[in-house]
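Participant: Next up is a structure, given as structure tokens.
Where a number appears in this text, it was derived from the coordinates with a stated rule and is not lab data. Bear in mind the structure is a predicted one, so any value in this text is a computation, not a measurement. Cβ atoms come from the backbone with ideal geometry, glycine included; neighbour counts cover every protein chain shown.
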């Protein structure tokens, strides 16, 4: 099974950066060898972060890095807004050469983003924004595995981001394992997807992440990668080295 590494564009701090700076970071991460670079879910189409300018510049930076490395780092921009905006964003992302999109199904309607992603041939990474009230109490609602795993997968999620145990949120290890199984187990003719543990993850936790989820997962780190080094290429390489060592049974890089 292939390992997929993903990273947010500097977490919440991405809202403080110019489009040019985000593009520089994305290019550096691509040079460092990451497989997927995604927008932070707070990046939409704000006046200080116009969607088309951001997507065009970031995709161009990644394309240039790919030309140098011979790799194929992918970029998943955040898609959000009214229906007409969402469709225009999907079409623009496709035209720029993006291979996928980040969507929050409960913000835009569970089938809206998936329908448009299928229409434009884009892979889908889902974010759990606005889902917390469904499972904040075990006596209420629906389990994380059912909503973020099985239902999102049935709708069309290729990658489902969720807050891993031990991070900033309250999911238990058992809930995370149930969710991962829901993304992978046989489900009629529905293709399996990748679980993506996230939320306060660090390079130092890669050993435990690989032990818990194996190598058939998307390991997502945001702000911790920026804290590792101000040079995005160095941070990306450290991330990949940690995963490779964990998979091979070695100790993750400090």
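Participant: In what order do 178, 111 fall by count of nearby beta-carbon atoms within 10 Å, going from fewest to most?
Facilitator: 111, 178
Participant: Between (1) 18.9; (2) 18.2; (3) 21.7, which entry matches Kirkwood radius over Cα pairs in Å as derived from the coordinates of this structure?
Facilitator: Correct label, based on the coordinates given: (2).
Participant: Then there's this: State, as an integer percentage, the relative contact order of the chain based on alpha-carbon contacts under 8 Å between residues 6 or more apart.
Facilitator: 19
Participant: Please state, as a whole number in µm²/s, the translational diffusion coefficient that the Stokes-Einstein equation yields for region 10-107 at 37 °C and 0.692 mPa s, with Rh defined as the Kirkwood radius across alpha carbon pairs.
Facilitator: Rounded, D is 246 µm²/s.
Participant: With each run of n ≥ 4 DSSP H residues scored as -39500 (n - 2.57), what mean residue ellipticity at 222 nm is computed for the chain after dividing by its residue count and rounding to the nearest 500 deg cm²/dmol?
Facilitator: For the chain, the value works out to -12500 deg cm²/dmol.
Participant: Pull out a ≥ b ≥ c, the square roots of the eigenvalues of the alpha-carbon gyration tensor of region 60-135, then state rounded if a/c is under 1.5, prolate if not and a/b is larger than b/c, and oblate in the remaining case.
Facilitator: It comes out prolate by the Cα gyration axes.
Participant: Provide 129, 196 in ascending order of the number of other Cβ atoms located within 10 Å of each residue's Cβ, fewest first.
Facilitator: Listed from fewest to most nearby Cβ atoms, that is 129, 196.
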